[in-house]
Amino acid sequence: MDTTNSPINPAPVRRGGFFALTPLLVFLGCYLVVSLLAGDFYKMPISVAFIAASVYAVAVMRRMPFAERIGHFSRGASDPNIMLMIWIFVLAGAFAESARSMGAVDATVALTLHLLPGSLLPAGLFLASCFVSFSIGTSVGTVVALVPVAAGLAGETGMNEAWLTAIVVGSAFFGDNLSFISDTTIAATRTQECDLRDKFRVNVRIVAPAALVTLGIYLVTGSVAHVPTDPEPVVWMRVVPYLLVLVTAVAGMNVMKVLLLGIVSSGVIGLATGSFSLMEWCGGMGRGITGMGELIIITLLAGGLLEMIRLNGGIDWIISVMTRRISGRRGAEGAIAGLVSLANLCTANNTIAILTVGPIARRIADRFGVSRRRSASLLDTFSCFTQGLLPYGAQMLMAAGLTGLSPLAIMRYLYYPVVLGVVTLLAILWRYPRRI
């Protein structure tokens, strides 16, 4: 039946139970369990797992015509946040391939090898990612800028590519969590009605220990790196696109404008230096965009799947269960942490998760004597912790698309999000910092 001319009216959110979350379990079962049983993270394509879960989610939506179910699934897939992510993926693919063809990645890797000894490469990459993410306030932008450099370093030094990629992906959430211009920080402080600086003062006292512990891990494990004794000379002109991208991002330029500027600068320098012809440049951009094809498909399927979970009442059910038996301040803080983490699992977007449960978290905080700045800090930190470990999160998918690695292969080395989660849980249990 042709439904292209049939308007899909917004359906009311149903009163769901645990059953509403089963599409997510189907996805995890297909992807994670099959990969673990096979002993190979590349055996089960993530796109196939999402198709299976999406078919299941549409099939189990009760008391609704099939055409209407498809309409709501499509509405979730075409959500403005999803479409913005797709445009970023397209531009990122074009920029990554343009920069690679022009020699920007090789030149940046050579510069890094000249500046840092082998034992400090992992720690230096971690610090650089923390600085960039704090400066630009976006984890996706950090991944786009630094993952190609991490992959190039792996090729030059023989270090594990998944390990170096995970350093960038994990530390990208340092700034996403702390930066004053991060959308998660803004969402957390607005929903909790507190000042940005107050939230930062609480947040940094929890995040700083986690960052220092992770830095210590990389300082110890970095001793296995072997840097070439005679690295390639640095061609400074070819470093310009990456420097331009970093400088404009730090200056606060929109990430899409940053990527467009990177594409143009790579093309101009590549044409001027004879790295490629005009047609070769266009062909390279086409390959980069095509290489993001599976990532775009996964993003669309994830958007539709998560909309079906929301529509079936999955998120409302989580909120109801988590707020039913709260007692005391620790319980209230644990409930806030659990709410935003579970909402993040169902939305794969930490900003949306904060906006979803933020008003409820504020009421919980007021009722049980949790300060607004403390609840804002917990919302932001646990949303970044969860997002940092999602195999279907935008950051992980972007890193996988840029390197060709499996998301699960990268997840094995995500130290910072795990340490951040453990430190924040301890902060709840020990009521640290006590005067907040």
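When Arg310, Arg287 are screened for being over 20 Å from Leu21 (Cβ atoms), assigned to a helix (DSSP H, G or I) and more than 20 Å from the chain's Cα centre (by Cα), only Arg287 passes. Scan Ser35, Ser98, Ser74 and give me the residue that is modelled with pLDDT of 85 or more, closer than 30 Å to Val149 by Cβ and not in a loop (DSSP other than H, G, I, E, B). On inspection, the qualifying residue turns out to be Ser98. Scan region 195-225 for residues that are closer than 24 Å to Gly155 by Cβ, among the hydrophobic types (A, V, I, L, M, F, W, C) and touching a Ser or Thr at 6+ places or on another chain (Cβ under 7 Å) and the total you get is 1.
For region 354-361, does any single residue satisfy the condition of being surrounded by fewer than 23 Cβ atoms within 10 Å (Cβ to Cβ) and modelled with pLDDT of 85 or more? No: region 354-361 contains no residue that is surrounded by fewer than 23 Cβ atoms within 10 Å (Cβ to Cβ) and modelled with pLDDT of 85 or more. Of Asn312, Asn349, all but one fail to be closer than 16 Å to Met85 by Cβ and either touching a residue at least 12 places away in the same chain (Cβ under 8 Å) or open to solvent by less than 10 Å² (accessible area, probe 1.4 Å) (or both); the exception is Asn349.
Residues are listed down the side, and each one gets a yes or a no for (1) part of a loop (DSSP other than H, G, I, E, B); (2) open to solvent by 50 Å² or more (accessible area, probe 1.4 Å); (3) closer than 23 Å to Gly152 by Cα:
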site: Val370; (1), (2), (3): yes, no, no
site: Ser377; (1), (2), (3): no, no, no
site: Thr386; (1), (2), (3): no, no, no
site: Leu397; (1), (2), (3): no, no, yes
site: Leu405; (1), (2), (3): yes, no, yes
site: Leu408; (1), (2), (3): no, no, yes
site: Pro417; (1), (2), (3): no, no, no
site: Leu425; (1), (2), (3): no, yes, no
site: Ile428; (1), (2), (3): no, no, no
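Close Cβ contacts (under 7 Å, 6 or more residues apart or on different chains) running from residues in region 199-222 that are open to solvent by less than 40 Å² (accessible area, probe 1.4 Å) to residues that are basic (Lys, Arg) comprise Lys199/Arg373; Val202/Arg373; Val202/Arg374. Quick one: in region 14-27, which of the residues that are hydrophobic (A, V, I, L, M, F, W, C) and open to solvent by 60 Å² or more (accessible area, probe 1.4 Å) is modelled with the lowest pLDDT? My answer is Phe18. Only one entry in Gly274, Gly267, Gly304 is within 20 Å of Ala77 (Cα to Cα) and of a type in the set (Gly, Ala, Ser), namely Gly304.
Arg287 passes every criterion in (1) open to solvent by less than 40 Å² (accessible area, probe 1.4 Å); (2) within 30 Å of Pro45 (Cα to Cα) apart from (1).
Conditions tested, residue by residue: (1) over 22 Å from Leu426 (Cβ atoms); (2) assigned to a helix (DSSP H, G or I); (3) among the charged types (D, E, K, R); (4) in contact (Cβ under 8 Å) with a residue 12 or more places away in the chain.
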{"residue": "Val321", "(1), (2), (3), (4)": "yes, yes, no, no"}
{"residue": "Ile336", "(1), (2), (3), (4)": "no, yes, no, yes"}
{"residue": "Leu342", "(1), (2), (3), (4)": "no, yes, no, yes"}
{"residue": "Pro359", "(1), (2), (3), (4)": "yes, yes, no, yes"}
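Using the structure shown, decide if Ala188 is surrounded by fewer than 22 Cβ atoms within 10 Å (Cβ to Cβ) and modelled with pLDDT under 90. Against the criterion (surrounded by fewer than 22 Cβ atoms within 10 Å (Cβ to Cβ) and modelled with pLDDT under 90), Ala188 does not qualify.
Counting only residues that are within 26 Å of the chain's Cα centre (by Cα), open to solvent by 40 Å² or more (accessible area, probe 1.4 Å) and over 12 Å from Leu301 (Cβ atoms), region 57-77 holds 1 of them.
Restricting attention to region 38-56, the residues that are open to solvent by 50 Å² or more (accessible area, probe 1.4 Å) and either touching a Cys at 6+ places or on another chain (Cβ under 8 Å) or at pLDDT 85 or above (or both) total 4. The combined condition, being in contact with a Gly (Cβ under 8 Å, 6 or more places away or on another chain), surrounded by fewer than 24 Cβ atoms within 10 Å (Cβ to Cβ) and under 25 Å from Gly71 (Cβ atoms), is not fulfilled by Gly303. Answer yes or no: is there a residue in region 292-300 that is open to solvent by less than 50 Å² (accessible area, probe 1.4 Å) and without any contact (Cβ under 8 Å) to a residue 60 or more places away in the chain. Yes.
The residue pairs whose first member lies in region 268-290 and is closer than 17 Å to Val144 by Cβ, whose second member is open to solvent by 60 Å² or more (accessible area, probe 1.4 Å), and whose beta carbons are closer than 8 Å, counting only pairs six or more residues apart or on different chains, are Gly284/Arg100.
The values are calculated or read from the model by the stated rules, or taken from the named source; none is laboratory data. Keep in mind that what you see is a predicted model, and the values were worked out from it rather than measured. Cβ sites come from the backbone with ideal geometry, for glycine too, and all protein chains shown count toward neighbours. With ligands, DNA and RNA removed, areas are computed over all heavy atoms of the protein, side chains included. Shrake-Rupley method; radii C 1.70, N 1.55, O 1.52, S 1.80 Å.
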